[in-house]
Amino acid sequence: MPTDNPVISEIFSEAKQVPPEYQLEPVHQREYLLNGKMVKWEGNTTEVFSPVFVHEAGELKRKLVGTIPNASPAEALEALQAAVSAYNNGQGEWPLMKVEDRIGCMQKFVYLMIQQRDQVIKLLMWEIAKTKADATKEFDRTVDYINATIDALKDLDRQSSRFEKSEGVMAQIRRSPLGVVLSMGPFNYPLNEIFTTLIPALIMGNTILFKLPKHGVLAHYPLLNAFREAFPPGTVNTLYGKGAEIISPLMESGKVDVLAFIGSSKVANSLKKLHPKLNRLRSILSLDAKNAAVVTRHADLDIAVTECILGALTFNGQRCTALKLIFVHRDIADVFVQRLSEAVDKLKAGLPWEPGVSITPLPEADKPGYLQVCLDDAKLHGASVMNKLGGQVNNSLVFPAVVYPVNNKMKLYHEEQFGPIVPVVPFDSIDEPVDYQINASHGMQVSIFSNDPAEVARLIDAYVNLVSRVNINSQSQRGPDVFPFTGRKDSAEGTLSIFDALRTFSIRTLVATKATEENKQLFNSVLKDHDSRFLSTDYIF
Ligand code: G3H
């Protein structure tokens, strides 16, 4: 619903009113990283427009952030060939490199990455309208993730630096790379989500193809040189262009060993089916989710309201881990909805760099239209928008709507809205939210709000076999990154955490022999002369 409420209708400013430190000259990317070189791009380009509108010469229009290569399947196949050659069936420089030396390359990368911090954060603000605080957090969290990955690999390597003996057989057991990894991530965490697969895959000795996300492409541009300088040629290669066109030939080639994909289960299914050798392909997937909150009569409503708002509306609800459906006991539903609505209306809508802002424009051009369809459908089936500003729209900015009472006839009950709508479902029996989860096609997380130990215990036991993380009196979230991040059903395949990712992108491999005197002497000679990079008792400090 278009608005004349000044809180929303006046959020977009004159271009010249943007504070000087956030002014952006359009970035025209005419090169991409392939086989250790920044290759000049002379083909078609695609314009990147910001979700942020600016008034310029009497017109309100999306700010041009820059242009990017619009590459074709031919360039994608060239990138694949570079990654395949660099891996060279496990005989390439990178997969054969000692763990300690790979760690050295990664440390160089992170050092170079940090030099680009300000520019990446600025581009995240312009490209996806992430608030300055959240864009900064995304960058810093990614750096922390890389450093923690390095430490976790050191630990893993130290544990593998000794021999094991059983039934007269002695062996050294380590982890080896898998091959070529295709890494694809979503627009909501364009840097962090790709790096949480790309970095562990890389440090374990795999070679990488990484497809730039739908939005947030230019935020990667300042980092390409760091990849080029830190790693051997062909180790990291970039893929630009339309996913639907360039990814199919890569999968059909059968040369991708690991698909690391964060996005929709529909796309993941279609990509996996294209691979001709299903047993060769490993997949690590983070997919659909519609995490529920369950607010019982025994909840602390202050905590429930605060955490539900954080869970549902951080980055405008554009998080796979967001709370996308809130069940509340009917006895407290009215008071909960009233307090939730008042608190939502106090959220500050504005531009990413404004202090205290939390609601910002949406990067997907078709999202405001889709959200309106969801609201119309909910109204048709008996719900209302409960907060004064709910659903009011100014171009790409949609003020969050608290919708109540939601029921199972509505889109909002079933579809992952991935945007600023907070659907609230009243329930009478605790079996109702549990049944919702049983029948849902996904199973990532749940948030339970209650201070009754018996009730909490009962709900924990019901949910631990339906989702993969049960949050008590707190919002749903991925972090801390040392904790396992996964899901059931259509929500995920495999587990990511700093430690789990190292395992996911590698395979246990051992060198074994009968523990005879001759073999012991043979192994001792190999170890003493440091002849093998795998068979080694060197300890990384
Ligand atoms: O979009 C999915 C992200 O992994 C969510 O991460 O819970 O830390 O915001 P977060």
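The values are calculated or read from the model by the stated rules, or taken from the named source; none is laboratory data. Values in this document were obtained by computation on a predicted structure and should not be read as measured data. Here the Cβ is made from the backbone with ideal geometry for all residues, glycine too, and neighbour counts use every protein chain on show. When the accessible area is computed, the model is the full protein with side chains, heavy atoms only, and any ligands, DNA or RNA have been set aside. Shrake-Rupley method; radii C 1.70, N 1.55, O 1.52, S 1.80 Å.
Restricting the calculation to Cα atoms, the chain shows an Rg/Rh of 1.01 when the hydrodynamic-style radius is the Kirkwood one.
Between ARG458 and MET1, residue separation times 0.36 nm minus the direct Cα-Cα distance comes to 160.3 nm. Rolling a 1.4 Å probe across all protein chains gives LYS98 an accessible area of roughly 60 Å². Here's how it looks for VAL48: its modeled amide H is under 5 Å from those of VAL65, GLY66, THR67, ILE68, which are all 5 or more places away or on a different chain. For ILE507, the residues whose amide H sits under 5 Å from its own are SER176, ignoring neighbours fewer than 5 places away on the same chain, with H placed 1.01 Å from N. Take the Cβ atoms of LEU522 and GLU78, set R0 to 45 Å, and the FRET efficiency comes out at 0.55. The order of HIS298, HIS275 by accessible area, most exposed first and with a 1.4 Å probe, is HIS298, HIS275.
May I ask you to compute the full-extension gain from LEU60 to HIS28, defined as 0.36 nm times their residue separation minus their alpha-carbon distance, rounded to one decimal in nm? Kindly include the intermediate steps, with their values, before the conclusion.
Numbers: separation 32, 0.36 × 32 = 11.52 nm, distance 2.23 nm.
Separation in residues times 0.36 nm, less the Cα-Cα distance, equals 9.3 nm.
One decimal place: the segment ARG158-VAL373 gains 71.9 nm when fully extended, by the rule 0.36 nm per residue minus the C-alpha distance. Decide, for the range 66-180, between rounded, prolate and oblate: order the square roots of the alpha carbon gyration tensor eigenvalues as a ≥ b ≥ c, take rounded if a/c falls under 1.5, and otherwise choose prolate if a/b is larger than b/c, else oblate. Verdict is oblate for the range 66-180.
Is the shape of the range 308-387 best called rounded, prolate or oblate, per the rule: a/c under 1.5 gives rounded, else a/b larger than b/c gives prolate, else oblate, with a ≥ b ≥ c the square roots of the Cα gyration tensor eigenvalues? Oblate is the answer for the range 308-387, as a/c is 1.5 or above yet b/c matches or exceeds a/b. Residues in the range 173-188 carry Karplus couplings, in order, of 10, 10, 10, 10, x, 9, x, 8, 10, 9, 10, 9, x, x, 7, 6 Hz; the curve used is 6.51 cos²θ - 1.76 cosθ + 1.60 with θ = phi - 60°, and Gly or Pro positions show x. Membrane-span-like helices in the chain (whole DSSP H runs, Cα extent of at least 18 Å along the helix axis, mean Kyte-Doolittle hydropathy of at least 0.5): 73-87.
Between the amide H of ALA401 and those of GLY391, ILE421, VAL422, distances stay under 5 Å, these residues lying 5 or more places away or on another chain, with hydrogens modeled in the peptide plane.
The candidates CYS105, CYS308, arranged from most to least accessible area with a 1.4 Å probe in the full protein assembly, appear as CYS105, CYS308. Note on HIS329: accessible area is roughly 20 Å² with a 1.4 Å probe, heavy atoms of protein only. Per-residue SASA remark: ILE438, around 90 Å² accessible (1.4 Å probe; ligands, DNA and RNA not included). Taking every DSSP helix (H) stretch of at least 4 residues in the chain, weighting each as -39,500 (n - 2.57) and dividing the sum by the residue count yields a mean residue ellipticity at 222 nm of -11500 deg cm²/dmol. On the basis of the beta-carbon distance and an R0 of 60 Å, ASP431 and GLU47 show a calculated FRET efficiency of 0.70. A simple spin-label model places the labels of ASP118 and ASN225 1.5 nm from each other, with each point 7 Å out along Cα-to-Cβ.
What is the range 444-505 by shape, rounded, prolate or oblate, if you read a ≥ b ≥ c off the alpha carbon gyration tensor as root eigenvalues and call it rounded for a/c under 1.5, prolate for a/b larger than b/c, and oblate otherwise?
It is prolate, given that a/c is not under 1.5 and a/b is the larger ratio.
Determine the order of GLU42, GLU56, GLU167 by accessible area, beginning with the largest, at a probe radius of 1.4 Å.
Ranking GLU42, GLU56, GLU167 by accessible area, largest first, yields GLU167, GLU42, GLU56.
For a Förster distance of 25 Å, can you work out the FRET efficiency between the beta-carbons of GLU100 and VAL482, rounded to the nearest 0.05? Here the calculated transfer efficiency is 0.65. Hey, for a label at ALA15 modelled as a point 7 Å past Cα toward Cβ, could you say which residues of the range 105-133 have their backbone N under 17 Å away? From the range 105-133, the list is 126-127.
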